[in-house]
1. Let me confirm something: among Ala517, Ala452, which residue is in a helix (DSSP H, G or I) and touching a residue at least 12 places away in the same chain (Cβ under 8 Å)?
2. Being among the hydrophobic types (A, V, I, L, M, F, W, C) and either free of Cβ contacts under 8 Å to residues at least 60 places away in the same chain or surrounded by fewer than 21 Cβ atoms within 10 Å (Cβ to Cβ) (or both) is the filter here; which residues of the stretch 603-615 pass it?
3. Sort out which residues of the stretch 471-490 are surrounded by fewer than 23 Cβ atoms within 10 Å (Cβ to Cβ), within 24 Å of the chain's Cα centre (by Cα) and not in a strand (DSSP E or B), and write them in order of number.
4. Only one of these conditions is not met by Lys365: (1) basic (Lys, Arg); (2) on the phi < 0 side of the Ramachandran plot; (3) within 30 Å of the chain's Cα centre (by Cα). Which number is it?
5. I'm checking my understanding of the structure. Among residues of the stretch 426-449 that are in a loop (DSSP other than H, G, I, E, B) and in contact (Cβ under 8 Å) with a residue 40 or more places away in the chain, which one is surrounded by the fewest Cβ atoms within 10 Å (Cβ to Cβ)?
6. Does Ala185 satisfy the criteria of being surrounded by fewer than 23 Cβ atoms within 10 Å (Cβ to Cβ) and either closer than 28 Å to Ser211 by Cα or in contact with a helix residue (DSSP H, G or I) (Cβ under 7 Å, 6 or more places away or on another chain) (or both)?
7. Only one of (1) modelled with pLDDT under 95; (2) over 22 Å from Ile460 (Cβ atoms); (3) in contact with a His (Cβ under 9 Å, 6 or more places away or on another chain) fails for Thr340. Which number is that?
8. Got at least one residue in the stretch 211-225 being of a type in the set (A, V, I, L, M, F, W, C), assigned to a helix (DSSP H, G or I), assigned by TED's automatic domain parsing to the domain that holds Arg248 and crowded, with 16+ Cβ neighbours inside 10 Å?
Amino acid sequence: MTSAGSSSATANLLHWKLTCDANDVGWLCFDRQDAGANTLSVDAMTEFHTVLVELASRSLSGLVIFSGKTSGFIAGADIKEFPGLNSEERAFALTSQGQMVFARLEQLPYPSVAVLNGFALGGGLELALACSYRIAIAGSEPVFGLPEVLLGVHPGFGGTVRLPSLIGVRKAMDLMLTGRSVRPAEALSSGLVDALVTDGDWRGAAARQISLRPTRRPLPLLDRLLALGPVRPMLARNLRQKASAKARPEHYPAPGAIIDLWEEYGAAPSPASYEAEARSFGRLVMTSASRNLVRVFFLQERLKKLGTGKTGITRVHVVGAGVMGGDIAAWCALRGLEVTLEDRELTFIEPALARARKLFTRKLKKPEAIDAAVARLQPDPAGTGVAAADLVIEAVFEDLAVKTEVYKRLERTLRPGVVLATNTSSIALEQLSGCLQEPGRLIGLHFFNPVAQLPLVEVIAASTSSPEALAAGTGFARQIGKLPVPCRSHPGFLVNRILAPYMGEAMDMIREGVPLAEIDQAATEFGMPMGPVELADSVGLDVAAHVARILAPTVGRSPAPELEELVKRGNLGLKTGSGFYTYRDRKPVRPDLEWGSATPAVQDRLVYSLLNEAAACLHEGLVADADLVDAGVIFGTGFAPFRGGPLHYAREIGIDRVEARLQELAEQLGPRFRPSPGWALLRN
């Protein structure tokens, strides 16, 4: 392979390197300087434009674009530059420039091939879409997608136009409206990529693609019919209905904007369609929803960086095969660890194993991968796995006496220094560690239900926990793909502590006669994934009542009599088919209320109780700062991501306004709404 020449305008670029071979094929490597992954920053795009200007004047047989990073092709635009898009016009201008760069790539007088190793996401996939062909290195398990909707925007470099044109509106909308990614087989079958190749053959495969120049397969007839002008409005209505059922347009405007663009312009590329995409992107990126979703992205990145060291943990023993313990064990096995699961008898473990197989089947798909995961999860009623375990997780019933008895037994077999982690949701760790000969080994690893869906793990530090044990726990959370939030030991820790007044206020309103559906409607209209009444039913009313009893001294509320009565009758919520609601096909039976019908006073009582407790947790130092409070509540409860977290939301609407409303509620309803001293910390 020969250099492009030192006199070339491309000779001194930082991020791109162009070479040509004896067959006049250009090989363009993107290797962003001082970065672990390729992203399309402004300077990288400027250099790419410089390369393309030169390439347009060259007589080549073809161009191959590939990544110099083993981590993947291109992760997308540089999200760190999003805050700099401080006006619609600036966002429109930069997006239009990006479209112009990709148009230059698309208009080269010879074919181009993008070689996708690993991920190609967002702007990275849009670059690949502007190429003539795309080949994927199958062995790298690549994922491809346009996840911009998760940041409150949509593709801006031509993706909303090129993707439906390439794979049809049905598959394109599925990817863009959900933000989901696809793996090689699906990408090939849909036409997103033209070939799957092995790592050792990608250069030859790219050269063959250029020499053969195969024609693109036509879209299915149905997609061609759906793209016709008279038909598009009908499909658009259907798409809007489905999208709004998952994400209300009042909260998340990006899905509707994607549908609007397609309804107006279809899949036929035109200057008008590209301009409309850029203008729509400019509007969306300035919305509070997008700004806050970008904030949530950075909160997530912060948590990911908390546990980056090697843990040495390969074998995990879990004590307690109930819903939480069984699902924690299954998740660990799914993530490649050897797991033993203990309970009193095999009959108590078998339901957890059945749930685990369903999880493996859903996540892994391939029979050999499913079987391997099943083999990694072993029932262990005798507890023989304790001696070999690198980590033991206790997930037995929330009872101090029961847990301490388990710890005494475990420590007789545990190797010195092996971490013992409790999944307690409400008991202070200092109450638990006193029975141990080596109290420094005890930490909290508090998972959230459902384990496979909620990414948060609170890593709880007792005053007795050793730094080494805490570091191991934080690293373990990242090892299994979870987001760790370091938290001080305290009844309820962070998330349950903040939820307790919110749930308690819902119980108070039930006692006052406010209809259940109205309470939940107020919460979901604010943006919560479900209302507090349905949430109580979902976690189990027995669990909710038990936690409420433990937290009563901290939050100043006793468990609601209505809750205790349902538990006495055995109506425990979703798991028994009846709780506050009756359930049919795992859905609550309740009246459908019109959107926008929520009573402001009901919503304020729920939301302001949660905000006030979040400020109290900050004041008491349960976590290091306000951002960690927000991260814990977002990733542990699903708190309205488009609002950026409870304390961030309070800042957005104004601390003075929040305190004034809390004072009004305190005068109306009692001292539980008295503003927390923590609000003073948020004025700085």
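The values are calculated or read from the model by the stated rules, or taken from the named source; none is laboratory data. Just so it is clear, the structure is predicted and the values come from calculations on it, not from any experiment. Cβ sites come from the backbone with ideal geometry, for glycine too, and all protein chains shown count toward neighbours.
1. The match here is Ala517.
2. The one that is among the hydrophobic types (A, V, I, L, M, F, W, C) and either free of Cβ contacts under 8 Å to residues at least 60 places away in the same chain or surrounded by fewer than 21 Cβ atoms within 10 Å (Cβ to Cβ) (or both): Leu611.
3. Matches in the stretch 471-490: Ala471, Gly475, Arg478, Gln479, Ile480, Gly481.
4. In the conditions (1) basic (Lys, Arg); (2) on the phi < 0 side of the Ramachandran plot; (3) within 30 Å of the chain's Cα centre (by Cα), Lys365 misses (2) alone.
5. It comes out as Asn449.
6. yes
7. Of (1) modelled with pLDDT under 95; (2) over 22 Å from Ile460 (Cβ atoms); (3) in contact with a His (Cβ under 9 Å, 6 or more places away or on another chain), only one is false for Thr340: (1).
8. Within the stretch 211-225, not a single residue is of a type in the set (A, V, I, L, M, F, W, C), assigned to a helix (DSSP H, G or I), assigned by TED's automatic domain parsing to the domain that holds Arg248 and crowded, with 16+ Cβ neighbours inside 10 Å.
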